[in-house]
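Here the structure is laid out as structure tokens; the discussion comes afterwards.
The values are calculated or read from the model by the stated rules, or taken from the named source; none is laboratory data. Worth saying up front: this structure is predicted, and the values here are computed from it rather than measured. Positions of Cβ are generated from backbone atoms using ideal geometry, with glycine treated the same way; all protein chains shown enter the neighbour counts. Areas reflect the complete protein model, heavy atoms only, side chains present, ligands, DNA and RNA absent. Shrake-Rupley method; radii C 1.70, N 1.55, O 1.52, S 1.80 Å.
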Amino acid sequence: DVAEGLRKWATELDLSAIIAIGASMITEIASTFGAVIVYAAFLFLEQRVFPGKIAALAQNDARSRTIRETLSRVNQGVASYLSTKTLIATSMGLFSYAILSMAGVEHAPFWAFVIFLLDYIPTIGSLAAVLLATLAALAQFGEIEPTLIVGGSLAILQIVMGNVVEPRLMAGNLNLSPLVVILSLSVWGLIWGSIGLFLAV
């Protein structure tokens, strides 16, 4: 009875509207990613003048050395986080590509790349990635069973990577509080929207 009800519900869906929503979401993600690149470029350009600003801020050599050492530790932590996150996002993209290809979802490389990008945003990005790929499967197949298989497989992959693999890798490198991560995402998201979510990383 449940399967029959789901089939009826699937036939009543407006697939063109779903595809239009998905396309607008992808466009927004692409524009956000472009804006993030611009902001990051300015941040990296500004980094060249940091030593002069630190020297002006610190009124003696001892304070200047302390500030430089602190910034060095921050840089090492950020580099460690980004390298670990890139490894996890790459693994997510590759495993997602395997799942989507085996399921016969069209444009699997594209959806795997979207999942790779969104995986950089903690929690929210993973949910959005699974939702987008599942909607693509629904639009293609038009049936609930293969859509549930694709969505369920991607959700299980995200749960395992996000709750088992990533915490183990991060615990060895950084002492990140989940509360601080969520608060950071909330504040940056309120200030700059989706661009802020990427920059919060």
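Data overview
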read-out	value
The chain, accessible surface, carbon-and-sulfur percent (1.4 angstrom probe)	70 percent
Mean Cβ count within 10 Å, highest first, over the residues of peptides 49-62, 132-145, 23-36	132-145, 23-36, 49-62
Sequence of 84, 66, 11 when ordered by accessible area, the most exposed leading, probe 1.4 angstrom	11, 66, 84
Which labelled figure in (i) 49, 36, 32; (ii) 76, 32, 27; (iii) 74, 37, 25 is Cα extents along the principal axes in Å, once derived from the coordinates	(ii)
Residue-wise HN-Hα coupling along region 179-184, computed from phi with Karplus coefficients 6.51, -1.76, 1.60 (Hz; x: Gly, Pro)	5, 5, 4, 5, 4, 4
Per residue value of the accessible surface for the chain (all protein chains in place, 1.4 Å probe), Å²	62 Å²
Cut-off 17 Å (backbone N to label point 7 Å along Cα→Cβ of residue 58), residues of region 67-82	67-76
Cα-centred dipole magnitude for the chain, charges only on beta-carbon of K, R (+1) and D, E (-1), debye, nearest 20	1160 debye
Efficiency of FRET between residue 168 and residue 107 - r from beta-carbon atoms, R0 35 angstrom, step 0.05	0.60
By accessible area with a 1.4 Å probe, ligands and nucleic acids excluded, highest first: order of 81, 97	97, 81
Residue 188 accessible area, 1.4 Å probe, all protein chains in place, Å² to nearest 10	100 Å²
